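First comes the structure, then the notes that go with it.
The values are calculated or read from the model by the stated rules, or taken from the named source; none is laboratory data. These figures come from a predicted structure and were not determined experimentally. Glycine also receives a Cβ, built like all others from the backbone with ideal geometry; neighbour counts cover every protein chain displayed.
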Amino acid sequence: MTKRALIRIAILSTTILLTTILTGCKTTTPTTNSNSNSKILVVASIPPISNFVKEVGGDRVEVLTMVPPGASPHTYEPTPAQMRDLTHARALFLNGVGLEFWADKAIKAADNPNLQVVVLSEGMQILESSENAAGNPHLWLSPKRAKHYVERIRDTLIEIDPEGKATYQANADRYLAELDQLDADIRDAVAHFKSREMVTFHASWAYFIHDYGLHQAAVLETTPGKEPSAAEVAEIVEIIKRTGAPAVFAEPQFSPRAAQVIADEAGVPVLTLDPLGGLPPRETYLKLMYWNLEQLKKGLGADTP
Ligand SMILES: [Zn+2]
């Protein structure tokens, strides 16, 4: 290769490099259309929180989810590759109350000074849990409490990306109104239930039960993933018969075996309640909760008003 050719290559490379830098800069200016590179990268621990972030963040934000749809946050630990996403993310939205048992390790490993860690349940009233000292973590399953999560997400995104303030505020206002509607729809439906006795897979519905005036008759697995003993099975069957609980609610993230055994013995049907969603037809929180409401109507016996 001649000296001149080498110089030409050098000039060409410099031009390409400069073009890349200039275009790179251009995409961050607010006048250009957003592309994936200019989006604010944030990480959410579970699908419902991820969906809240999408609703509020819209096109300005890219959300990654640590616990994938179909997995249970009680047992799933994010992979090292997932944890590495935290090294270049701007925020990590956690539920708290002990749900993200992997969080401390992941945050420490990420060593990212720009990462804002937001524990969404912080400052909220926590219901006690018999097997978890921190309390019951499933606050998002009560729409009224989910609204606090959405407000914290809105405030955090405004802090990270002040230019998007109007967008985040408008999106949050619209979505909060939808959550109010969901709350009203649940209230209406529950008023027509024939039974208020809930037998659920684990204590995931505690806040929902508390806020809508239902009653937790029994829980199949006090520790999710640990099947009930023969004595516990007999006790739950007895409770179902005594309270007249009309159904047993299983969960798609765990085997329905224990629920089926108990339901068969008690002579009631098994239905499903999904605390997490993330997959069609329950890919959004609203779709998830309306789907769950239909299951509750089937299980607890809705009067036709
Ligand atoms: Zn749970």
Q. Residues of segment 120-144 being crowded, with 18+ Cβ neighbours inside 10 Å and more than 16 Å from the ligand (Cβ to nearest atom), which ones?
A. 143
Q.
Looking at (1) assigned to a helix (DSSP H, G or I); (2) at pLDDT 95 or above; (3) of a type in the set (A, V, I, L, M, F, W, C), which one does residue 258 not meet, given that it meets all the others?
A. (2)
Q. Across segment 216-238, what is the number of residues that are under 12 Å from residue 200 (Cβ atoms) and either among the hydrophobic types (A, V, I, L, M, F, W, C) or assigned to a helix (DSSP H, G or I) (or both)?
A. 5
**Q.** Condition met for residue 172 (away from the ligand (no atom under 16 Å from the Cβ), surrounded by 20 or more Cβ atoms within 10 Å (Cβ to Cβ) and hydrophobic (A, V, I, L, M, F, W, C))
**A.** yes
Q. Are there any pairs with C-beta distances below 9 angstrom linking a residue in segment 234-255 that is farther than 18 Å from residue 215 by Cβ to a residue that is outside any loop (DSSP other than H, G, I, E, B) and among the hydroxyl-bearing types (Ser, Thr, Tyr), with the two at least 6 apart or on different chains, and if so which?
A. 250/200; 250/272; 251/200; 251/204; 251/272; 252/272
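Can you tell me which of 260, 295 is more than 18 Å from residue 208 (Cβ to Cβ) and away from the ligand (no atom under 16 Å from the Cβ)?
Values: 295 fails: more than 18 Å from residue 208 (Cβ to Cβ).
After applying the criteria, what remains is 260.
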Q) Is it the case that segment 145-159 has a residue that's outside the structural domain of residue 49 (by TED's automatic domain parsing), within 16 Å of the ligand (Cβ to nearest atom) and out of contact with any Lys or Arg (no Cβ under 7 Å at 6 or more places or on another chain)? A) no
Q.
Given the criterion closer than 30 Å to residue 56 by Cβ, surrounded by 20 or more Cβ atoms within 10 Å (Cβ to Cβ) and in contact with a Lys or Arg (Cβ under 8 Å, 6 or more places away or on another chain), identify the matching residue among 288, 276.
A. 288
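Where in segment 32-134 are there strands (runs of 3 or more DSSP E), lying wholly inside it, with at least 1 residues that are touching a Gly at 6+ places or on another chain (Cβ under 9 Å)?
Values: elements: 40-44, 61-65, 91-94, 116-119.
Qualifying strands (runs of 3 or more DSSP E): 40-44, 61-65, 116-119.
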